[in-house]
1. Condition first: within 16 Å of the ligand (Cβ to nearest atom) and touching a residue at least 40 places away in the same chain (Cβ under 8 Å). Now tell me which residues in the stretch 206-232 satisfy that.
2. Could you check, for the stretch 285-292, whether at least one of its residues is aliphatic (A, V, I, L, M), in a helix (DSSP H, G or I) and modelled with pLDDT of 95 or more?
3. Do you know which residues across the stretch 165-177 are under 23 Å from Trp151 (Cα atoms) and surrounded by fewer than 24 Cβ atoms within 10 Å (Cβ to Cβ)?
4. Being in contact with a Phe, Trp or Tyr (Cβ under 7 Å, 6 or more places away or on another chain) and surrounded by fewer than 24 Cβ atoms within 10 Å (Cβ to Cβ) is the filter here; which residues of the stretch 211-221 pass it?
5. Output yes when any residue across the stretch 206-223 is over 30 Å from Asp126 (Cβ atoms) and not in a strand (DSSP E or B), and no when none is.
6. Give the residue that is nearest to the ligand (Cβ to nearest atom), with candidates limited to residues of the stretch 233-247 that are more than 30 Å from Ala131 (Cα to Cα) and assigned to a helix (DSSP H, G or I).
Amino acid sequence: MSKAVIFSAAQSVLMLAALGFVVKQQFASAKPAEVAAAVQTAEEHASSGAHEAEASRSDRHGSPPKREDGEHGVAAPKAAPAKEAAEHGEPASQAASGGGHAAPTKSGGASQGHEAHAGGGSASVDPTEIANELLAGNARFVSGASSMHQWGRERQRVQATQHPKAMVLSCSDSRVPPEHIFDQGLGDLFVVRTAGNIADAIAVGSLEYAAEHLHSKVLIVLGHERCGAVTAAASGQKMPTKNLDAIVKKIAPAVAASSGWSKGPALVHMAAENNVARTADDLLKQSPVLRKAVAEGHLTILRAMYDLDSGKVTPLP
Ligand SMILES: [Zn+2]
């Protein structure tokens, strides 16, 4: 490795450490409901310092900071406001607690997630810090500075047990892999993917398992632009099989709620956002386990959209 490369790597670490500190300070005392606002600032930092989170990433994955050539720009999920629940007929108190409950005991920095896992689980990690970690991961992904994983080491770390810091319910679309989007490693995310990021009984049951038995503290419902399932639902066409029809039927209410406002691609975009909100509310309606976890402050549900072009995860209001 040339001196220039070594210097560049060392410089990156310093920059990242500095920016990581700033982001950490911003989120250190924030409750989940405040994440949305802070996220905007984090975004700005991320876009001005592509390597920002690399130092902490290096800590977490036990690998040297290294950058990959890349693409993208950043953003982040944010807490679900009570307003949305009200719009979708859910008791405001549930969404309020989902988005802004008192955080559990905080431990360590936002960059110490993997150490927390290695030390026996994520039970003491603040949901705000978890959200912050995921946002930082998305910033890395967007800037093209995703982690260089040492898969063997990561595999060893989680071979006996798992304590995923977050659950993600996202679309099956091959362009939207949560582990990549949030730059996370083995054992970090408990992922459920369905076309159109909808929640049927099996999806809900899977999330219940992670919330109840794996103690995941954060659940992100992640939609994306130009979603094929939403586009199919918006087309109004009959699906060729009853199983495909089941998907479209689940998304149809989100399309109906948007159709008076927009058409074409704009309709698909709006319906996709509405679909995320409705899915998040569906989870609470369908699951006493998730409802209880939210009410007791053990679970925070976040809603977000992924931009296929920029790689950004953007919070929904
Ligand atoms: Zn999709």
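1. Ile220, Val221, Leu222, Gly223, His224, Glu225, Arg226, Cys227, Gly228, Ala229, Val230 - these are the residues of the stretch 206-232 that are within 16 Å of the ligand (Cβ to nearest atom) and touching a residue at least 40 places away in the same chain (Cβ under 8 Å).
2. yes
3. Across the stretch 165-177, the qualifying residues are Ser174, Arg175, Val176, Pro177.
4. Matches in the stretch 211-221: Leu214 only.
5. Restricting attention to the stretch 206-223, the residues satisfying the condition of being over 30 Å from Asp126 (Cβ atoms) are none.
Looking for residues that are over 30 Å from Asp126 (Cβ atoms) and not in a strand (DSSP E or B), one finds none in the stretch 206-223, hence no.
6. Initially, the stretch 233-247 is screened for residues more than 30 Å from Ala131 (Cα to Cα), giving 233-246.
Pick out the ones that are also assigned to a helix (DSSP H, G or I) and you get 233-235, 242-246.
Numbers: Ala233: 11, Ala234: 12, Ser235: 14, Lys242: 20, Asn243: 16, Leu244: 13, Asp245: 17, Ala246: 15 Å.
Going through the qualifying residues, I end up with Ala233.
The rows are residues; the columns are (1) surrounded by fewer than 19 Cβ atoms within 10 Å (Cβ to Cβ); (2) on the phi > 0 side of the Ramachandran plot; (3) in contact with a Gly (Cβ under 7 Å, 6 or more places away or on another chain).
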{"site": "Ser235", "(1), (2), (3)": "yes, no, no"}
{"site": "Lys249", "(1), (2), (3)": "yes, no, no"}
{"site": "Val255", "(1), (2), (3)": "no, no, no"}
{"site": "Leu283", "(1), (2), (3)": "no, no, no"}
{"site": "Val294", "(1), (2), (3)": "no, no, yes"}
{"site": "Met305", "(1), (2), (3)": "no, no, yes"}
{"site": "Leu316", "(1), (2), (3)": "no, no, no"}
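Conditions (1) within 16 Å of the ligand (Cβ to nearest atom); (2) among the acidic types (Asp, Glu); (3) without any contact (Cβ under 8 Å) to a residue 60 or more places away in the chain, marked per residue:
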{"residue": "Ala136", "(1), (2), (3)": "no, no, no"}
{"residue": "Arg140", "(1), (2), (3)": "no, no, no"}
{"residue": "Ser143", "(1), (2), (3)": "no, no, no"}
{"residue": "Ala160", "(1), (2), (3)": "no, no, yes"}
{"residue": "His163", "(1), (2), (3)": "no, no, yes"}
{"residue": "Ala166", "(1), (2), (3)": "no, no, yes"}
{"residue": "Val176", "(1), (2), (3)": "yes, no, no"}
{"residue": "Glu179", "(1), (2), (3)": "no, yes, yes"}
{"residue": "Asp183", "(1), (2), (3)": "no, yes, no"}
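The values are calculated or read from the model by the stated rules, or taken from the named source; none is laboratory data. Bear in mind the structure is a predicted one, so any value in this text is a computation, not a measurement. All Cβ positions, even for glycine, are placed from backbone atoms using ideal geometry, and neighbour counts span all protein chains on display.
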